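Here's the structure we're looking at; comments come further down.
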Amino acid sequence: MNTETKSASPNVFTTLVGTKGSLFSALLILIFVLLRFAAFYDYKPLWIDEQISVNAACGDSTLNVYNFEALKEIRFQNLKEPGFLSKVFYANIQNDRSNALLYDYTLSAWMHFFGLSLVSVRALSLLCFLFVLLIALGIAGELQIKPTFFMLLLLSSSLLFRYNMEARTYMFTLCLSLFSTLLLLRYMKNRSFVTLCLYLLFVLLSVFSHYLVVVVFLWQAILVLRLKESNTKFKLLGGYLLVAIVFFSILYLIDQKSDFVNRLSQANTTISQKAPESVHFKPFSLQNLLTGLVQVLSQNFGLSLQSVLQIRFFAVLLLLPAYFIYRQNKNKTLQHGMVFTTLLFTHLTFLVLVSALSGNTTVFQLCYSIFVLPYYLLYFARLSSSPTLKPLEQTMKWSVVLISLLDTAGYIYLA
């Protein structure tokens, strides 16, 4: 009889703090993130998008700019009256319909426990950011990718540093969707029904936090189709079908109550009409499409330099990840290559289709790419983790971290 005990599979905690050295590093990271938040959380007052979220969480449907004393009074009066949750619902539908409802409700509950102030409304995103770091490292452990370089890439990303101090849904949605990915990887190992149900629940919660996060689950569904185990494949595909039915049923009820679809269509028409005069809402064209794709790819590989040098489309930096992709494929050492390659093409195809259907390139705003950012960085960390890298290749690898740090420092300085 075999009495050998099986070693426990690495979890997110042991991945992060498995040794004294990594525990010390984790504490340094935590202290840095918290000190940065304490020093810079009030670097600017609520800007228009944050004001929309906070107003909605208080049950206010206007686009007025309030100070926090006025917001407290508005929230207090709305809570005294019946139908507060409906007020939050209509505030979201009227002013923030492209961002789904869950964040506004969560922010409202958060304010109930932690008060209504600049530090409290932005602290929710900071907490989500810390969870993102833990979950992302857990995913790295599941995929057997060394976490050290991946952590450096995450912590040098200007995208994550920007949105971990904004009272908006992006970090919240990333946290939910990233956790769903970890649950999927765990389910692929343990085939637990509870894990499957939790995974599908977090898929639904993620989509009701921001609709565009669906690209992550399209990517996952494509990978599921490639599974050889029919039983696991059909369970997951059946789960996706169930989630889709529940999602569209809820969306139908929302539309019946608020004319949501028509409002969204009218909003998109307005955006398209104003596109030529806006920095963000550019009309759909081949040039805008190509420059938008370059911008998204550069930033997601941590290579934009957008903040420091004001170079909007720094396409040459994409040669760095392209080189490592070529090298790993040539040496046939690329594990999980199909996983990340599928994500890459799913994401870019999704962006092109949404842009073509809407007639503008709004979707190329970098805030929407934050949902796939950790996977791109995982890909790059895996590509550059070969122990046989030459000195020049090591220099290229670490130049990505340096460029990202410069970009982040430039963002913090300019902000």
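No lab work stands behind these numbers, since they all come straight from the coordinates. All values reported here derive from a predicted model rather than from experimental measurement. When we count neighbours, we look across all protein chains shown, and the Cβ atoms used for this are built from the backbone with ideal geometry, even at glycine.
Can you tell me how much longer the chain between L143 and L392 gets when fully stretched, taken as 0.36 nm per residue apart minus their C-alpha distance, in nm with one decimal? Fully extending the segment from L143 to L392 adds 87.0 nm. Counting only DSSP H runs of at least 4 residues, each contributing -39500 (n - 2.57), and dividing by the residue count of the chain, the helix-based mean residue ellipticity at 222 nm comes to -23500 deg cm²/dmol. For the pair D42 and Q365 in one chain, pulling the backbone fully straight at 0.36 nm per residue adds 113.9 nm over the alpha carbon distance.
The alpha-carbon of K80 sits under 14 angstrom from the alpha-carbons of these aspartates and glutamates, leaving out residues fewer than 8 places away in its chain: D60.
The share of C-alpha pairs in the stretch 345-415 whose separation exceeds 14 Å stands at 73 percent.
All alpha carbon pair distances within the stretch 164-258 were sorted into 10 Å bins beginning at 0; the resulting P(r) in whole percents reads 15, 47, 28, 9, 1.
The ranking of S209, S192 from fewest to most other beta carbons within 10 Å of each one's beta carbon is S192, S209.
Using the alpha carbons alone, the radius of gyration of the chain stands to its Kirkwood radius in an Rg to Rh ratio of 0.96. Scanning residues 5 or more positions from N360 or on other chains, those with amide H under 5 Å from its amide H are F284, with H placed 1.01 Å from N in the peptide plane. Its Cα centre serving as origin, the chain has a Cβ charge dipole (Lys and Arg +1, Asp and Glu -1) of approximately 1240 debye.
Pairs over the 26 Å Cα-Cα cut-off, from the set K146/K397; K146/K235; K330/K397; K189/K330; K44/K257; K330/K390: K146/K235; K189/K330; K44/K257. Cysteines in the chain that lack a partner Cβ within the 4.7 Å cut-off: C58, C197, C367. Taking amide H atoms as placed 1.01 Å from N in the peptide plane, the amide H of L46 has no partner under 5 Å among residues 5 or more positions away or on other chains. First check a/c for the stretch 64-159, with a ≥ b ≥ c the square roots of the eigenvalues of its C-alpha gyration tensor; if it is under 1.5, answer rounded, and if not, answer prolate when a/b is larger than b/c or oblate otherwise. Note, shape of the stretch 64-159 comes out prolate. Converting phi to 3J(HN,Hα) with the Karplus coefficients 6.51, -1.76 and 1.60 and the offset θ = phi - 60°, the stretch 386-391 yields 5, x, 9, 5, 7, x Hz in sequence order, with x at every glycine or proline.
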